[in-house]
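Here's the structure, in structure tokens; my notes come after.
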Amino acid sequence: MNAGDGDHLRKWKSIIPLLYDWLANHNLTWPSLTCRWGPQLGSTAYRKKYRLYFSEQTDGSDPQRITVATADVFRPRVASADKITGWSDMEKCPYVKVEKSIVHPGEVNKLRDCPLYPKIIVTHTDAPELYVWNVETQPHRSEKGRCDASTAELVLTGHEGNAEYALGMCHVEPKVASGGKDRKVLVWDLQDHVSTLATTSGQSGSPHAMNTESTRLEAQLRLSGHEDTVEDVVFQPGSSHNLASVGDDYQLLLWDARAGDAPVSKVQEAHGKYDLHCVDWSPTEEDLLATGCADGVLKIWDRRKLSATEAVETIGFHRKAVMRVEWSPHNKGILTSGGEDNVVCVWNLKQKGSAGMDSQDIKRIKRSIPQQLLFQHIGHKSVVVDFHMNPHDPWTMLSVSDDVSADSGGGTLQMWRISDMITRPEADVLSEIAEIAERGEKKEAKVEGAEVEGKEGGQPQQNAGIEDAVDTVLNGDAMLDVVREEVEVKGETREVEAVGVPLADEIEDVPPEAKVEEETVAEKCDLVDPPKMETADQGGSEAMDVDGSSITVQAGTVAVGESSPVAGIPNTENES
């Protein structure tokens, strides 16, 4: 069974509440090739509002567009199970609101924002030029059919061939790097144009207020070393002069812009004789880089050891080409990859195998799944063309896929956050489970006591008294949820009724006196309501049975038996 088929997606959707803290699905009229989180715009007690950017790749009957939208993202441990599962593939997400459309000169292959100036974005298309846009001052364009493109604030020139995908932004200076079919890596410095970009005309919002001609800026640096198309380029976080690039010449090249126009280090045939599609530089460990390849393999490189031409880690798990890799900006060793097998994988490179898992089923799973695999997101029906980890909200992702078909529309945009029962350290999770179990035992004892007291007193309405006791347990000042759990307490396994944590304890970073603005009854209904599950301790792991499928949660990772390969859960079909 492959990721993206109907049966697979149905099984995945049935256990979403076990895997995700929050998830939203947004159907796109046209497919999108790129997506990006923008800045945080506001917040309430239950949600945060972010800006979103994504492209619309049309068939020519409508103009190519950049879509500027806002998205309401639920805070951790707030969204109910109904809210994260009660969506349809063909519906627009109520939490995504389109603010503005910008008509782009050609399809948008890649879009990136300027970290120092969040209102500034840069785009790639099927042309040598790059386009720089101020999303706040650009007028909204709602025209249908063929029409003139919006006028960019700045056009970056210098490529001698099409520059379609390789695009990198510097985090410490307003610099842009690009690679193209001319085998060059070019760098532009926007510093002299930042003030102009921030005050460009068109602020009236009328299409007639657009500039008639864009300012053009020639490249500051031309770096030569690739022998074929440059597929990706990235700045080292915290540096304005160190870069890395990969290409169809099988090479990984490192550059220091201060040292001239030649690479300072290289790995030839980094993945053998396979095209390299993507590269990213770790923001938390300055010497580590990750590359993704056409053969589905990920490699981790230490720039201090590139002369050895051997990666420090090699992970072969994706069934098809890896199109994008990204390091977490929040956690060391967390890497995300996605590509043509419709899957987004989250890796914990610090994660090691757990002891005590000696059953045959567990041994089979361990052989077929890399121990670094933390999570799989397989909610997309087709190729995952881009994703982005939210820089302001840990473990919160944005991903898009090209789902062109009669039954799915143009594409799918999904926003999702992995459950912290998967991402947190095992000791913390087990401690919380024990606390919930203890609370559940106390509540159960109260209910049993009320029942015994009613029987001894010969009360004719004892059932009503029991119902009142249960109501007190489950419907007090905050909403609670009863979850059947089997936990190991002091070396003895006991089955208990574990009562969920009150909502007041679930909401993070909200002071008691917080005033909730623009809160509606509907928002207050989007509260925690986890599904029922059964767990059993198996030497540091929890086993659950969902629709007849054997699922094991182990040391912060999730795995499933071969009868049900589902999203968020490593697939064991390719057992070695």
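The values are calculated or read from the model by the stated rules, or taken from the named source; none is laboratory data. Since the structure is predicted, the reported quantities are computational estimates derived from the model, not experimental observations. Here the Cβ is made from the backbone with ideal geometry for all residues, glycine too, and neighbour counts use every protein chain on show. Protein only, heavy atoms only, side chains kept; ligands, DNA and RNA dropped before computing areas. Shrake-Rupley method; radii C 1.70, N 1.55, O 1.52, S 1.80 Å.
At-a-glance table
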| quantity | calculated |
| --- | --- |
| Extension reserve of the Asp228-Thr284 stretch, reckoned as 0.36 nm per residue once the Cα distance is removed | 17.1 nm |
| FRET efficiency for Thr85 and Thr215, using Cβ-Cβ distance with R0 set to 60 Å, rounded to 0.05 | 0.80 |
| Other-chain or far-sequence residues with amide H under 5 Å of Leu221's (modelled H) | Val187 |
| Gain upon complete extension [Glu310, Asp7; 0.36 nm per residue less C-alpha separation] | 105.1 nm |
| Spin-label zone in region 220-255 - amide nitrogen under 18 Å from a point set 7 Å from the Cα of Tyr274 along the C-beta vector | 231-232, 246-253 |
| Calculated P(r) tail over 16 Å for region 1-81, as whole % of Cα pairs | 66 percent |
| Whole-percent carbon and sulfur share, accessible surface of region 228-353, 1.4 Å | 41 percent |
| In Å, descending, principal axis extents of the Cα set of region 111-197 | 37, 28, 17 |
| Förster-model FRET efficiency, 45 Å R0, Glu136 and Glu160, C-beta, rounded to 0.05 | 0.85 |
| Using θ = phi - 60° and Karplus 6.51 cos²θ - 1.76 cosθ + 1.60, couplings along region 320-335 (whole Hz; Gly, Pro as x) | 9, 4, 8, 9, 7, 10, 8, 7, 5, x, 10, 10, 5, x, 9, 10 |
| Under the Karplus curve 6.51 cos²θ - 1.76 cosθ + 1.60, θ = phi - 60°, whole-Hz ³J(HN,Hα) for region 176-189, x wherever Gly or Pro sits | 10, 10, 8, x, x, 6, 7, 6, 10, 10, 10, 10, 10, 10 |
| Rounded percent of accessible protein surface that carbon and sulfur make up, region 25-108, 1.4 Å probe | 47 percent |
| Whole-Hz ³J(HN,Hα) from phi, Karplus 6.51 cos²θ - 1.76 cosθ + 1.60, for region 148-153, glycine and proline x | 5, 6, 5, 9, 5, 5 |
| For region 1-160, alpha-carbon Rg relative to the globular expectation (2.2 N^0.38 Å, N residues) | 1.18 |
| Simple spin-label estimate for Arg319 and His171 in nanometres, 7 Å along Cα-Cβ | 3.5 nm |
| Listed pairs Lys97/Lys144; Lys13/Lys446; Lys13/Lys381 exceeding 24 Å between Cα atoms | Lys13/Lys446 |
| Built amide H within the under 5 Å cut-off of Gly38, gap 5+ | Arg51, Leu52, Tyr53 |
| Charge context of Ala69, other residues only, Cβ under 12 angstrom, K/R +1, D/E -1 | +4 |
